[in-house]
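In what follows, a structure is listed as structure tokens, so that the remarks can point back to it.
The values are calculated or read from the model by the stated rules, or taken from the named source; none is laboratory data. From a predicted model like this one, the values you see are computed outputs, not experimental measurements. Cβ placement follows ideal geometry from the backbone for every residue including glycine, while neighbour counts extend to all protein chains displayed.
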Amino acid sequence: MYYKLHTENLKEDYSGYEEVENMLINQEFINHLTPVEISFIRIGIDKLFKEKVTSETTNYENVSAHVTCCPHCGSKRFVKNGFNPHHRQKYRCKDCRSIFMATTGTMFTHSKTSFDKWSTFIAGELNCLTLEQQSVATGLSKTTCFNMRHKLYKAASKIQNEVVLSGDIELDPTYTSINLKGTKPKNMPRYSKHRGKSRKSTSSGKLRGINHHKVCIVTAIDENDNILYKVGGLGRESADILNRFRDHFSPISTIISDDSHSIQTFVSDNKLKSEIIPSSGTATPSGKTVSSTDELHSELKNLIRWKRGISTRHLQGYLDWLVLRKKLKYTLDMRKWKSEAYMTTMMEQIPFRCNEITRIPLPVNLFTAYGEYHYGIFSFIN
Ligand SMILES: [Zn+2]
């Protein structure tokens, strides 16, 4: 599919060039080219690139050829309906009658940032730059970078939302502390933690270990490197949490996990096969391990350390982006990552506006988490 997309574009782009006019460019054609013919075409491509991609190139130019349905109702019945003041094509949906453009609802809506800067920004995100570093790299403000980041991460969530794992699947949860970074002090559900050696925590002792102050992250990866990395909820993994993601598991799959009761309940609830790693060992009797999920866990830990904490509100976004990065790493040459990340995300609908990002609902219920501290103020946060 990847090649199809590119060769189709190639064909379109070439139609204006006299030298290669009437050439039908497809994979078979490319395979039969001689080295001198390929170098000839390459010069044509370089020329096209210089003409089409400048610092002024807009994101609209990338998405305008890909309008397939109405962003409001998903209908494919729409017609052209004039142009906006910037000479951009408008469409009218025949079903819900709304007017829309190619960028409507995507991460480029109301974004004045050029294609060039979005590309630079995406490259920075692939390299895990901080907001300060992104601001330096793109020349945009930290707030703009913050908004771009969370829209981009949301657009990347499609990969996980559509994934179905099959075959041998490693399943192993991980946990992270609730993090309320970015929450205003007056909205905090608890007093700030006392840090340092002489802390006297009221809760230490009776709430040690995995408790309801921890966020459970369901982690699964199959033999084809499809990944499910989702915030499951508060506290220890349970069959209930796992069953919420049952649609992501193909009925013909084998779950490789430890002997945890909740995972085995999930396995039998869904009539899956299971191979268990005994608590005394690191592999199943047939030698299978959960090393891939371990790798995902340590990457997340490193990321959290590098970012000096990730707020629980935005944790799923970071997981979605991590999964996209993994997928690129497994499937593509490094030099293609930036363009592929752009193409994967450019047409996705973003369900929030920039000014709503800091108010995206938390994926966990703080009332459950901090109920024992004090009651009554949670409605402000959740
Ligand atoms: Zn519609």
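Looking only at region 340-357, count every residue that is in contact with a helix residue (DSSP H, G or I) (Cβ under 8 Å, 6 or more places away or on another chain) and either over 22 Å from G74 (Cβ atoms) or without any contact (Cβ under 8 Å) to a residue 24 or more places away in the chain (or both) and tell me the total. Residues meeting the conditions: 5.
Annotation: of all residues in region 106-120 being in a loop (DSSP other than H, G, I, E, B) and among the small types (G, A, S), the one that is farthest from the ligand (Cβ to nearest atom) is S114. Checking the stated criteria, C128 turns out not to satisfy the condition of being within 12 Å of the ligand (Cβ to nearest atom) and in a loop (DSSP other than H, G, I, E, B).
Scanning region 57-89 for residues being within 13 Å of the ligand (Cβ to nearest atom) and of a type outside the set (K, R) gives a total of 12. Taken over region 139-164, residues that are over 30 Å from P251 (Cα atoms), in contact (Cβ under 8 Å) with a residue 24 or more places away in the chain and either of a type in the set (D, E, K, R) or part of a helix (DSSP H, G or I) (or both) amount to 9. Taking region 38-87 as the range and being touching a helix residue (DSSP H, G or I) at 6+ places or on another chain (Cβ under 9 Å) and farther than 17 Å from M107 by Cα as the test, the residues that pass are I38, I41, G44, I45, L48, K52, V53, T54, S55, E56, H86. The condition of being over 22 Å from the mean Cα position of the chain (by Cα), touching a residue at least 12 places away in the same chain (Cβ under 8 Å) and away from the ligand (no atom under 16 Å from the Cβ) does not hold for R92. Quick one: is T103 part of a loop (DSSP other than H, G, I, E, B) and within 23 Å of the chain's Cα centre (by Cα)? Considered against the rule, which asks whether it is part of a loop (DSSP other than H, G, I, E, B) and within 23 Å of the chain's Cα centre (by Cα), T103 comes out as yes.
Summed over region 109-136, the residues that are within 19 Å of the chain's Cα centre (by Cα), surrounded by 15 or more Cβ atoms within 10 Å (Cβ to Cβ) and either modelled with pLDDT under 95 or not aromatic (F, W, Y) (or both) give a count of 12.
Would you confirm, using the coordinates I've provided, whether F100 is within 16 Å of the ligand (Cβ to nearest atom) and either hydroxyl-bearing (S, T, Y) or within 24 Å of T57 (Cβ to Cβ) (or both)? Against the criterion (within 16 Å of the ligand (Cβ to nearest atom) and either hydroxyl-bearing (S, T, Y) or within 24 Å of T57 (Cβ to Cβ) (or both)), F100 qualifies.
In region 68-82, the residues that are in contact (Cβ under 8 Å) with a residue 60 or more places away in the chain form Cβ pairs under 9 Å with partners that are within 9 Å of the ligand (Cβ to nearest atom) and assigned to a strand (DSSP E or B), at six or more places apart or across chains, as follows: P71/C93; P71/F100.
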